[in-house]
Structure formats: C-alpha cells, structure tokens
Amino acid sequence: MTNVMTRTAERAPAADAGLSRGLLLLMSVATGLVVAGNYFAQPLLDVIRRDLDLSTSTAAMVVTAAQAGYAVGLILLLPLGDLLERRRLTVALFGATAAFLLMSAAAPNGTVLLVGTALAALTSVSAQVLVTFAVALASPEHRGRVVGTVMSGLLLGGLLARTVSGALSEFGGWRTAYWVNAVLLAAVAVLLWRVLPRLHTPAGMSYPALLRSTVVLLRTEPVLRWRSAIAALSFASFNVFWTSVTFLLVGPHYQWSEAVIGLFGLVGVAGTIATPVAGRLADRGYVHWVAGIGTALLAVSWLAIGAGGTSLGWLLAGAIALTVAQQSVLNSNQNVIYALAPEIRNRLNSAFMTAFFVGGVAGSALTAMAWVHGGWAGVSAAGGALALATFLVWLAERVSSARTA
C-alpha cells in the first residue's frame, strides 16, 4: 500500500452489528431504485425519438448522457463518503435524484431530457455510497456476500427499469416511469434517514486534496489499475448490447412494441443469481477464478448474440450469458478493490467505478456508430472485440501478478 494514502480509522459499528438482514435488504432495494432512472430510456428510445422529434443518434445519446453523468458523479461526489457523514450524504443525493427525475419527466425537448438525465445520473451515485456503507458495516468474512446482495439490488434496478418503463409507457406514455420513480425515491430518502446509522470516515484533508488523492490511487495501485481496465472493457461490451438491442427488436425482423421490449430485460435477472454466488465464492478464496471464468464467458456470449440477429433463442441465450458474466466479473473486481484499504474505500471505489462507467460511456457511443455503419453484425463485432480484450487483460493481470509474486 502506498505512502501517499492518508490512513484514518473508520468509525463503524462492530462486525455486522449495524447490518441486520432488514437493513441490508433496504439498502439493496434503495440502490436498485436510485439507479433505475438511468435505464428507463433504453426500451423507449424509439418512442422518445418520435415524441420529441429526435434523430436516432440523438435518441441514443440519452443513454450516453446517463452513463456520462454517473461517471462524473463517481469522480466528484463518491469520494465525499470519506469526508462527510454518510447518512446525510446518502439522503441528500436521493432527494436530488428525485428532483432531477421530475425534470426529465417534464422535458419539452431533447435538450432538457439530456440535461435532466445527466443530472439524475450524477446524483444517483448514492447507490455506490450505499455499497461501501454496507461493506463498512459488515465483517470481512462476510464482505463478498454483502457486496453480492447490495449489487443484486442494483442490477435488478437496472434490469427491471427497462421492463417497468416499457409497461408504464403503454398506459401513460414514456414520462410515467420518471414520475413514479421520483415519488418512490422521495419516500426512500425519508426511510433511509430514519433507519441508517450515522457513519463518518473523516479523511483529514480538504475536498480538492481528496479528489487529487483519488486520482493518485490509479497511478500508485497496480491492482486497482488492472481491475479498472477489466471493468471498463467488460462494461463497454455489456453496454454495446443493451444500447443496441432496442433498435434490433423494433426492426423489421422482430417488430416488437415498447412494452414487449421492456419485458426482454427480464432475461438479465439471471445475473442476480450469479452475483451472490460470485460473492460467496470470493469469500471462500476463489475470487480470481470467478473473474477468469466470467471474462471468458463474456467473450463466448457474443457468438450467441451475433446469431441472435435472426434467432430469438440465440439472442436470449446470449443475453443471459452476457449478464451472468458481467456481474460475476464486477463482483470479483469489487471484492479485490474493497480489500485493499478499508479506510479509503470510497476513494478506491470512486477510481474503480469511474473507470467502469467511462467504459460504459465509450460502449454506448461506439454502439451508435457500429449500428449505423454495420447493423447488428457491426454491433456484434464491436461487442465481441471488447469482450475478448477483457479476457486478455485479465490473463495479462494474472501473468503479471505471478511474476511479481
């Protein structure tokens, strides 16, 4: 561990004393709700495009805006967990997200929708504050299980958001999901204020110094660099699929409605099974094997996805494999990162998750070009190349670690 890190004692309850099953469940549900708004637009891109008179590329930018806003929030807001009292920070961010979702719901044009989406995503990093909050309240031997449980909620929020927004659009238009989510988040903010314990991890430095120390971590921590690269590439590959599949499903071969496209997101629920399993395997010492198998499966999944352009069976199989692989890799990476230095966990998570979502933004942006120039074949080639690169970086990291050892 580097000598540039400020070491402080984390003021947390004794092992697992402040983390009951009920509180862990609430934190899991809350993370899912707060990130859901970042995914509402994905099955609705075509109807949003028509309602606001946008081009296809501009409509796709709604997804990119969500990823970019989240990445900026990870850089600027998540490190505050090492500076401010976490319950107060979490509740404030939840309230802000609810307000920005209302802005998106009332958007009269594409510009306002893009701004509202980016700002709601910016403050939805409260999900990551809750992840490290839960880890801080858990004992080290249960860290993998706790990460898996909270991240399952986050994953379900992203997946079910697509389904719910598609269904609600059939009844009240594409704006309905934004209105409903804003109300739910306001209620959750009140509940979290009442039940979360106070937790403060004073960093002993100013906010600018805190941000600088976060950037320094990527330069001084080789494990963080390797895992961040793996995370960025894997999420880029994952986003290539979920950003483009809407255009495939509304196309001439499938011709699905928005509600049915939203239901397609349910196939990714398989990832919620993989996440806690990966967490338990990490607790038993198999964290690197989980990452290796996950990156390999990520690459293989694109073979099925490519065939899914004309076959629903292959598309479903590929989507399930892709989601299981992505969540297994993410859980493995997080367990490795969170074990590095508990007292600076928010900054480690900030650096890691920033790289993760920068990869997601790149994947979303690449999707628009791949679709326009190559259709589903171009998308499959791009996603498959990113997945293969993920596996190769994992392999290089294992070789580098063996040589160092």
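The values are calculated or read from the model by the stated rules, or taken from the named source; none is laboratory data. Note that the structure is predicted; figures quoted are calculated from it, not measured. As a convention, Cβ positions derive from the backbone with ideal geometry for all residues, glycine included, and neighbour counts pool all protein chains shown.
For LEU316, the conditions (1) more than 19 Å from VAL240 (Cα to Cα); (2) at pLDDT 90 or above are fulfilled apart from (1). Each residue in segment 48-85 was checked for being buried (at least 24 other Cβ atoms within 10 Å of the Cβ) and charged (D, E, K, R), and 1 pass.
Scanning segment 95-104 for residues that are buried (at least 21 other Cβ atoms within 10 Å of the Cβ) and not β-branched (Val, Ile, Thr) yields ALA98, PHE100, LEU101, SER104.
Filtering ARG194, ARG145, ARG198 for residues that are basic (Lys, Arg) and either outside any helix (DSSP H, G or I) or touching a Ser or Thr at 6+ places or on another chain (Cβ under 7 Å) (or both) leaves a single hit, ARG198.
From the list ALA187, ALA177, the lone residue that is under 21 Å from the mean Cα position of the chain (by Cα) and hydrophobic (A, V, I, L, M, F, W, C) is ALA177.
So that you can scan it fast, the table gives a plain yes or no per residue for (1) closer than 19 Å to VAL91 by Cβ; (2) in contact with a helix residue (DSSP H, G or I) (Cβ under 8 Å, 6 or more places away or on another chain); (3) loosely packed, with under 15 Cβ neighbours inside 10 Å; (4) among the small types (Gly, Ala, Ser):
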| site | (1), (2), (3), (4) |
| --- | --- |
| MET151 | no, yes, no, no |
| ALA161 | no, yes, no, yes |
| LEU168 | no, yes, no, no |
| TRP179 | no, yes, no, no |
| LEU184 | yes, yes, no, no |
| ALA189 | yes, yes, no, yes |
| VAL195 | yes, yes, yes, no |
| TYR207 | no, yes, yes, no |
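Look at (1) small (Gly, Ala, Ser); (2) part of a loop (DSSP other than H, G, I, E, B); (3) free of Cβ contacts under 8 Å to residues at least 12 places away in the same chain and you find that ALA187 fails only one, number (2).
Residues of segment 377-392 that are farther than 14 Å from LEU366 by Cβ and surrounded by fewer than 17 Cβ atoms within 10 Å (Cβ to Cβ): ALA377, LEU392.
Taking every residue in segment 88-109 that is free of Cβ contacts under 8 Å to residues at least 12 places away in the same chain and pairing it with any residue that is crowded, with 19+ Cβ neighbours inside 10 Å and among the polar types (S, T, N, Q), at least 6 positions away or on another chain, the pairs with Cβ-Cβ distances below 9 Å are ALA92/THR123; ALA92/SER126. Residue-level check: of (1) under 21 Å from ALA382 (Cβ atoms); (2) crowded, with 16+ Cβ neighbours inside 10 Å; (3) of a type outside the set (A, V, I, L, M), THR310 misses just (2).
To keep it simple, each residue is scored yes or no on (1) without any contact (Cβ under 8 Å) to a residue 12 or more places away in the chain; (2) within 16 Å of PRO342 (Cβ to Cβ); (3) in a loop (DSSP other than H, G, I, E, B).
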| residue | (1), (2), (3) |
| --- | --- |
| PRO202 | no, yes, yes |
| MET205 | no, no, yes |
| PRO208 | yes, no, no |
| LEU211 | no, no, no |
| LEU218 | no, no, no |
| LEU224 | no, yes, no |
| ARG227 | no, no, no |
| ALA232 | no, no, no |
| SER237 | no, no, no |
